[in-house]
């Protein structure tokens with residue numbers, strides 16, 4: 001505003017502001033009333049807090065029988081988050097998800113759609129190896145699903161990939177079957193935010209049922225299409 005544009009009201013308003021002895025800066029830009037995007041430090045801090053919360057869980061048979069927690073792998077800045085079932089023997093030894101035979105197949109599946117493993121974020125429903133690599137029990141899935149929801153909220157992915165029935169059950173319940181739900185884009189609301197979800201078979205299942213790989217390949221192509229449609233940089 002120039003001096004010649006000022007009227008009596010402008011002058012009075014300016015005199016009132018000056019009376020408070022506060023320096024005001026006026027801009028034509030609209031006020032950003034939304035929260036800023038979380039910083040890398042903030043995300044990392046929240047992940048560490050969640051990991052510590054899981055490590056301090058009480059009365060957990062999974063924790064008692066496992067060597068260590070298996071929390072996550074990959075980039076927490078990724079737009080893609082993959083959720084599996086739980087750690088196996090190799091994962092329990094190394095402390096990272098998907099590093100055994102199923103992990104090798106996962107790497108190949110990602111490479112097939114031009115995605116490098118290190119550019120996605122990977123975790124499991126349960127963070128401790130079930131005894132004898134058994135499937136987590138419903139009570140265990142239910143207990144750890146709360147941690148999983150917190151995990152998803154922190155990573156805040158654009159696409160959430162659930163691999164296997166355990167991951168599906170943790171977020172959608174046990175009344176649906178993966179054979180009917182896989183390959184279909186779904187949405188889930190977590191902490192008042194909607195996430196785009198693709199359910200597909202777990203790599204460990206594909207190692208046992210090789211004839212099902214064709215369905216997983218179809219799912220992977222759908223994921224690639226969505227990545228391109230959303231113009232995500234992976």
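The values are calculated or read from the model by the stated rules, or taken from the named source; none is laboratory data. Source: prediction; values computed, not measured. We place every Cβ from the backbone using ideal geometry, glycine too, and count neighbours over all the protein chains shown.
Structure summary
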quantity: Pairs, first in contact (Cβ under 8 Å) with a residue 12 or more places away in the chain in the stretch 130-148, second part of a helix (DSSP H, G or I) and surrounded by fewer than 14 Cβ atoms within 10 Å (Cβ to Cβ), C-beta under 7 Å, six or more apart; calculated: 131/65; 133/89
quantity: Residue that is modelled with the lowest pLDDT [pool: residues in the stretch 192-233 that are assigned to a loop (DSSP other than H, G, I, E, B) and closer than 25 Å to residue 154 by Cβ]; calculated: 233
quantity: Members of the stretch 132-174 that are in a helix (DSSP H, G or I) and at pLDDT below 95; calculated: 132, 133
quantity: Helices (runs of 4 or more DSSP H) lying entirely in the stretch 1-113 (those with 3 or more residues that are within 19 Å of the chain's Cα centre (by Cα) and at pLDDT 95 or above); calculated: 40-55, 101-112
quantity: Unique residue being surrounded by 15 or more Cβ atoms within 10 Å (Cβ to Cβ), free of Cβ contacts under 8 Å to residues at least 40 places away in the same chain and in contact with a strand residue (DSSP E or B) (Cβ under 8 Å, 6 or more places away or on another chain) when the list is 90, 96; calculated: 96
quantity: Some residue of the stretch 108-116 being farther than 19 Å from residue 70 by Cα and touching a strand residue (DSSP E or B) at 6+ places or on another chain (Cβ under 8 Å); calculated: yes
